[in-house]
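A quick write-up on the structure given underneath.
The values are calculated or read from the model by the stated rules, or taken from the named source; none is laboratory data. Just so we're clear, the structure is a prediction, and the values are computed from it rather than from any experiment. Methodologically, a virtual Cβ is constructed for each residue, glycine included, from the backbone with ideal geometry; neighbour enumeration extends over all protein chains shown.
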Amino acid sequence: MKIIILGAGQVGGNLAESLVAENNDITVIDLDAARLALLQDRFDLRTVRGHAAHPSILKQAGADDADMLVAVTQSDETNLVACRIASTLFNVPTRIARIRSSDFLGLEAGFLAEHFGVNDVISPEQEVTDTLRRLIEHPEALQVLDFADGKVRLVAVRAYHGGPLVGHELQDIKRHMPNLECRIPAIYRRDRGIVPKGITVIEPGDEVFFLARKQDIPSVMRELRRMERPVKRVMIAGGGNIGRRLAARIERNYDVKVIDHNKTVSNLLAEQLHHTLVLQGDATDEDLLDQENIASMDVFCALTNDDEDNIMSALLAKRMGAHRVIALINRSAYVDLVQGGEIDIAISPAQATVGPLLSKIRRGDMVAVHSLRRGAAEVLEAAVHGDVKTSRVVGRRIGEIDLPEGSTIAAIIRNNDVIIAHHDTLIEAEDHLILFALNKRIIPKVEKLLQVGFGFF
């Protein structure tokens, strides 16, 4: 696909990296020549220096024959105007805008489509906020993803000594939980992906991905590891877009404290948040953390705009007794460096943003795409169409489908019902399949499997 990306910041740069890796024709527009030069040195793409919303610049970037425009500059207004121009002047088929302001996000999708030509909206801040909220709800989890409007969840947990199933075969799950259904589509052991079988033994330290109905998640977790105390107290370092959104979402259910060094921001937060204690100060200040009883905090979230500050404050909070620490980190090299050490979870905003975009690019009817393990693996929700003659999956049992090695069908959504997949489960037309791919390299094969033949049209 020929894709134009507006904005070469953290979000735009990471999107460009992901899309170039999938053999797309990428052009990036930005005013900052240094950023563009850095991208051009690292990746096989084209760059254009100029204002992202100017028609002449869009024309220079090849908007006349572009398949998609992704506007991810820091300015909502620029992104909206660019989508309008791309639609009206250049007839670009797909136009996606990054929106940061809650005022714009609160508008109906139809309004943005009609007046600004926006097909889809992505909000990295909202995606990260939702990710953090789910991690606070499930303090034992490394990653929590929603499918089918939240009816089913994919959860990653670290298996520890003491879990009932650790040291046992996966087929024992049914004996331990006869009334619950779950599917384990993947296990990562010493950073190597395994498609598990019934006789696969769970070892301590394994990163286990399991999929189950939302209400069954806590029961499955108890089988894999010791349950931690429920979260009651949360401290957030950074009162920016993400910190403010998170506090607003969780303050009614948890005891929340927010620390921000900026007096104006702190005063604004105190006005907006009615059940949150707002503190002005430095989250790396040992005395402040001690005064606010950091040792009693169940979760500490470092969510400032500075990676180094987030890492240092999270490390300090952990050393001073915070039970679980989460750091927001933009640089992918830093994520790999700190994840799983003293810092329990490192979240990359770019990875949270890539998924919604990939669902628009993938061949086939993709409902949702989530990037896992910093882009190495993916889980897809895809709708299947056709019949036995025109489809490779419809009208067949899962055991009969020639799935690419390293992929597995974990669940089926049918008429709002969740069906945990087994080898004898029959797939019907219009089912939504949730597929796990251990390696991104097999995604084209998965896409080909899901596509219908010409006889369908």
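Here are some residues: Ala368, Ala350, Ala346. Which one is touching a strand residue (DSSP E or B) at 6+ places or on another chain (Cβ under 8 Å) and either in a helix (DSSP H, G or I) or crowded, with 21+ Cβ neighbours inside 10 Å (or both)?
Numbers: Ala368 fails: either in a helix (DSSP H, G or I) or crowded, with 21+ Cβ neighbours inside 10 Å (or both); Ala350 fails: touching a strand residue (DSSP E or B) at 6+ places or on another chain (Cβ under 8 Å).
None of the other options fit; the residue is Ala346.
Does the range 365-378 contain any residue that is under 15 Å from the mean Cα position of the chain (by Cα) and among the basic types (Lys, Arg)?
Here is the first cut: in the range 365-378, the residues under 15 Å from the mean Cα position of the chain (by Cα) are 367-378.
Applying the additional criterion that residues be among the basic types (Lys, Arg) yields 373-374.
Yes, that holds for at least one residue.
Inspect the range 391-407 for any residue being assigned to a strand (DSSP E or B) and either among the small types (Gly, Ala, Ser) or within 30 Å of His323 (Cα to Cα) (or both) and give the result as yes or no. Let's see the steps before the verdict.
Going through the range 391-407, the residues assigned to a strand (DSSP E or B) turn out to be 397, 407.
Filter again for either among the small types (Gly, Ala, Ser) or within 30 Å of His323 (Cα to Cα) (or both), leaving 407.
Yes, because at least one residue in the range 391-407 is assigned to a strand (DSSP E or B) and either among the small types (Gly, Ala, Ser) or within 30 Å of His323 (Cα to Cα) (or both).
Can you spot a residue in the range 431-448 that is buried (at least 16 other Cβ atoms within 10 Å of the Cβ) and of a type in the set (Gly, Ala, Ser)?
Yes, the range 431-448 contains at least one residue that is buried (at least 16 other Cβ atoms within 10 Å of the Cβ) and of a type in the set (Gly, Ala, Ser).
Of all residues in the range 174-198 being touching a helix residue (DSSP H, G or I) at 6+ places or on another chain (Cβ under 7 Å) and of a type in the set (A, V, I, L, M, F, W, C), which is modelled with the lowest pLDDT?
Met177
Inside the range 321-343, can you point out the residues that are assigned to a loop (DSSP other than H, G, I, E, B) and in contact (Cβ under 8 Å) with a residue 60 or more places away in the chain?
Result: Ala322, His323, Asn330.
Looking at the range 210-219, can you tell me whether even one residue there is more than 23 Å from the chain's Cα centre (by Cα) and farther than 21 Å from Ala437 by Cβ?
Start the filter on the range 210-219 by keeping residues that are more than 23 Å from the chain's Cα centre (by Cα), which leaves 219.
Filter again for farther than 21 Å from Ala437 by Cβ, leaving 219.
Yes - at least one qualifying residue is present in the range 210-219.
Only one of these is among the β-branched types (Val, Ile, Thr), at pLDDT 95 or above and either assigned by TED's automatic domain parsing to the domain that holds Leu89 or assigned to a helix (DSSP H, G or I) (or both): Val11, Val28. Name it.
Going through Val11, Val28 in turn, the sole match is Val28.
Within the range 375-418, track down each residue that is of a type in the set (A, V, I, L, M) and surrounded by fewer than 18 Cβ atoms within 10 Å (Cβ to Cβ).
Within the range 375-418, the first condition is being of a type in the set (A, V, I, L, M), and the residues that meet it are 376-377, 379-380, 382-384, 388, 393-394, 398, 401, 403, 409-413, 418.
Scanning the range 375-418 gives Ala376, Ala383, Val388, Ile401.
Here is a check on your reading of the model: is Glu381 modelled with pLDDT of 90 or more and over 17 Å from Pro196 (Cα atoms)?
On the way: modelled with pLDDT of 90 or more: no; over 17 Å from Pro196 (Cα atoms): yes.
So Glu381 does not fit the description; no.
What are the pairs, 6+ residues apart or on separate chains, where a residue within the range 279-293 that is assigned by TED's automatic domain parsing to the domain that holds Ser313 and closer than 17 Å to Arg244 by Cβ has its Cβ under 7 Å from a residue that is exposed (fewer than 15 other Cβ atoms within 10 Å of the Cβ) and not small (Gly, Ala, Ser)?
Going by the 7 Å Cβ cut-off, the qualifying pairs are Gln280/Lys263.
Quick grid of which residues meet (1) surrounded by fewer than 19 Cβ atoms within 10 Å (Cβ to Cβ); (2) over 24 Å from Ala97 (Cβ atoms):
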site	(1), (2)
Ser123	no, no
Asp130	yes, no
Arg134	yes, yes
Gln143	no, yes
Asp146	yes, no
Lys151	yes, yes
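Would you mind finding the one in Ala86, Ala97 that is in contact with a Cys (Cβ under 6 Å, 6 or more places away or on another chain) and either modelled with pLDDT under 90 or surrounded by 18 or more Cβ atoms within 10 Å (Cβ to Cβ) (or both)? Show your work before the answer.
On the way: Ala86 fails: in contact with a Cys (Cβ under 6 Å, 6 or more places away or on another chain).
After applying the criteria, what remains is Ala97.
Scan the range 422-454 for residues that are under 23 Å from the mean Cα position of the chain (by Cα) and of a type in the set (Gly, Ala, Ser) and report the count.
The qualifying residues number 1.
Test Val81 against the stated conditions and say whether it is assigned to a strand (DSSP E or B) and without any contact (Cβ under 8 Å) to a residue 60 or more places away in the chain. Don't jump to the end; show me each part of the working.
Details: assigned to a strand (DSSP E or B): no; without any contact (Cβ under 8 Å) to a residue 60 or more places away in the chain: yes.
The answer is no for Val81.
Being more than 14 Å from Glu251 (Cα to Cα), touching a strand residue (DSSP E or B) at 6+ places or on another chain (Cβ under 6 Å) and of a type in the set (Ser, Thr, Tyr) is the filter here; which residues of the range 264-295 pass it?
Ser266 - this is the single residue of the range 264-295 that is more than 14 Å from Glu251 (Cα to Cα), touching a strand residue (DSSP E or B) at 6+ places or on another chain (Cβ under 6 Å) and of a type in the set (Ser, Thr, Tyr).
Go through the range 274-319 residue by residue and tally those that are among the polar types (S, T, N, Q) and assigned to a loop (DSSP other than H, G, I, E, B). Working first, answer last.
Keep residues of the range 274-319 that are among the polar types (S, T, N, Q), which gives 276, 280, 284, 291, 293, 296, 304-305, 310, 313.
Now narrow it down to the ones that are assigned to a loop (DSSP other than H, G, I, E, B): 284, 293, 304-305.
Of the residues in the range 274-319, 4 are among the polar types (S, T, N, Q) and assigned to a loop (DSSP other than H, G, I, E, B).
Output the residues belonging to the range 412-428 that are out of contact with any helix residue (DSSP H, G or I) (no Cβ under 6 Å at 6 or more places or on another chain), hydrophobic (A, V, I, L, M, F, W, C) and modelled with pLDDT under 90.
Those that are out of contact with any helix residue (DSSP H, G or I) (no Cβ under 6 Å at 6 or more places or on another chain), hydrophobic (A, V, I, L, M, F, W, C) and modelled with pLDDT under 90: Val418, Ile419, Ile420.
Among the residues of the range 315-325, is any surrounded by fewer than 16 Cβ atoms within 10 Å (Cβ to Cβ) and on the phi > 0 side of the Ramachandran plot? Let's see the steps before the verdict.
As a first pass, look at the range 315-325 and keep what is surrounded by fewer than 16 Cβ atoms within 10 Å (Cβ to Cβ): 319-321.
If we keep only those that are on the phi > 0 side of the Ramachandran plot too, we end up with 321.
Yes, some residue in the range 315-325 is surrounded by fewer than 16 Cβ atoms within 10 Å (Cβ to Cβ) and on the phi > 0 side of the Ramachandran plot.
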